[in-house]
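What follows is a short report on a single structure.
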Amino acid sequence: MTFGEQPAYLRVASDLREKIVNGSLPPHTRLPSQARIREEYGVSDTVALEARKVLMAEGLVEGRSGSGTYVRERPVPRRIARSGYRSAAGASPFRQEQTAEGVHGTWESRSEQEGASAEIAERLGVEPGDRVMRTRYTFREAGEPMMLSTSWEPLAVTGRTPVMLPEEGPLGGCGVVERMAAIDVVVDNVAEQVGARPGLAEELLALGGVPGHVVMVIERTYYASGRPVETADVVVPADRYRVAYHLPVR
């Protein structure tokens, strides 16, 4: 292979991708069969199969059992706003961000105690096995699942307090900053790291995605005087949403 030359399966995938993007192969159209790709591009069955796999991994096409492979409807990405804004009413960040975007969101949650895994223990600055409160959320926009979140709070901080359960008690549904302030813990910093990976099967099932689709993962940790008091993984389907940050200029 000469320098810079693409493998045959990538050249085929690139041409088919262009046809999908420019509308020559519109949504819900059946992708050319493996035999048709082999004949049209003069490639082997293996190359044709690998090209189709590339398009499936990119979320451009989907397989339908017993029917073939079809071009997927391409969603128009919507925004998920992230900011440091805090309202006087003490609303959760999700509620604030939904209000700022002019939409109405809902969520479901479930909390339970567990021992911290090695990764979560490191993020929270505790020992593996120390008790934490894990809360799993499913966020919806107009009834459609849009985001998952799993948060962990050290029970050494919140245990036996009115805010031990994030969604229950007098401050249920409020943000971490307000809840911690109620037990005299002053949150003064929050850090977020954004990455991407293939979605886990259970995540894609909850989000209505296709196996192999990519999700964005926002790893967020709140600190009080350098001590982590809450850490969370926020999972967003990358093909349907864009994360927009509004950061104050200091």
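The values are calculated or read from the model by the stated rules, or taken from the named source; none is laboratory data. The shown structure was predicted, so the numbers you read here are calculated from the model rather than taken from an experiment. All Cβ positions, even for glycine, are placed from backbone atoms using ideal geometry, and neighbour counts span all protein chains on display. Areas reflect the complete protein model, heavy atoms only, side chains present, ligands, DNA and RNA absent. Shrake-Rupley method; radii C 1.70, N 1.55, O 1.52, S 1.80 Å.
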Check: Short version: ³J(HN,Hα) in whole Hz for each residue of the stretch 25-36, in order, from phi by Karplus 6.51 cos²θ - 1.76 cosθ + 1.60 (θ = phi - 60°), x for Gly and Pro, what are they?
Finding: 10, x, x, 6, 7, 6, 5, x, 5, 4, 5, 5
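First measure r as the distance between the Cβ atoms of residue 119 and residue 205, then evaluate 1/(1 + (r/R0)^6) with R0 = 22 Å and state the FRET efficiency to the nearest 0.05.
The pair residue 119/residue 205 has a calculated efficiency of 0.45.
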Check: Along the charge dipole of the chain, Cβ charges K/R +1 and D/E -1, which of 199, 238, 189 sits furthest on the positive end?
Finding: 238
Margin query: List the residues, sorted by chain then number, that are 5 or more residues from residue 78 or on another chain and whose placed amide H is less than 5 Å from its amide H.
Written below: 241, 242
Item checked: Placed amide H near residue 175: partners under 5 Å, 5+ positions off or other chain -> 92
Check: Hey, got the dipole for the chain? About the Cα centre, +1 on K and R Cβ, -1 on D and E Cβ, debye to the nearest 20?
Finding: 640 debye
Note to self: Using amide H atoms built in the peptide plane, which far-off residues or other-chain residues are under 5 Å from residue 61 H to H?
What the structure shows: 56, 72
Check: So what's the angle, to the nearest 10 degrees on a 0 to 90 scale, between helix 8-21 and the longest Cα principal axis of the chain?
Finding: 70 degrees
Checklist line | Estimated dipole of the stretch 143-250 in Debye, rounded to 20 [Cβ of Lys and Arg +1, of Asp and Glu -1, Cα centre] | finding: 260 debye
Item checked: Ellipsoid semi-axes in whole angstrom, largest first, where each is sqrt(5λ) of the Cα gyration tensor of the stretch 139-212 -> 30, 15, 12
Notebook entry, point to check: Tell me, what HN-Hα J-couplings in whole Hz come from the Karplus equation 6.51 cos²θ - 1.76 cosθ + 1.60 at θ = phi - 60° for each residue of the stretch 125-136, using x for Gly and Pro?
Noted result: x, 10, 8, x, x, 4, 6, 9, 9, 9, 10, 9
Margin query: Using only the heavy atoms of the protein chains and a 1.4 Å probe, how would 107, 152 rank by accessible area, largest first?
Written below: 107, 152
Checklist line | Three-way shape call for the stretch 195-250 based on the alpha-carbon gyration tensor, with the a/c threshold at 1.5 | finding: oblate
Check: Highest GNM mean-square fluctuation, the chain, Cα pairs closer than 10 Å: which of 117, 67, 109?
Finding: 67
Next item on the list: Please give the per residue accessible area of the stretch 9-57, computed with a probe of 1.4 Å over protein heavy atoms only, in Å².
Entry: 58 Å²
Next item on the list: Quantify, in whole percent, the carbon and sulfur part of the accessible surface of the chain (1.4 Å probe; protein heavy atoms only).
Entry: 53 percent
Notebook entry, point to check: Taking a ≥ b ≥ c as the square roots of the eigenvalues of the Cα gyration tensor of the chain, is the shape rounded (a/c under 1.5), prolate (a/b larger than b/c) or oblate?
Noted result: prolate
Next item on the list: Before anything else, pin down the relative contact order of the chain: Cα pairs under 8 Å, at least 6 apart, normalised by residue count, whole percent.
Entry: 17 percent
Note to self: Can you show me the helix-derived [θ] at 222 nm for the chain, built from DSSP H runs with n ≥ 4 at -39,500 (n - 2.57) apiece and divided by the number of residues, rounded to the nearest 500.
What the structure shows: -7500 deg cm²/dmol
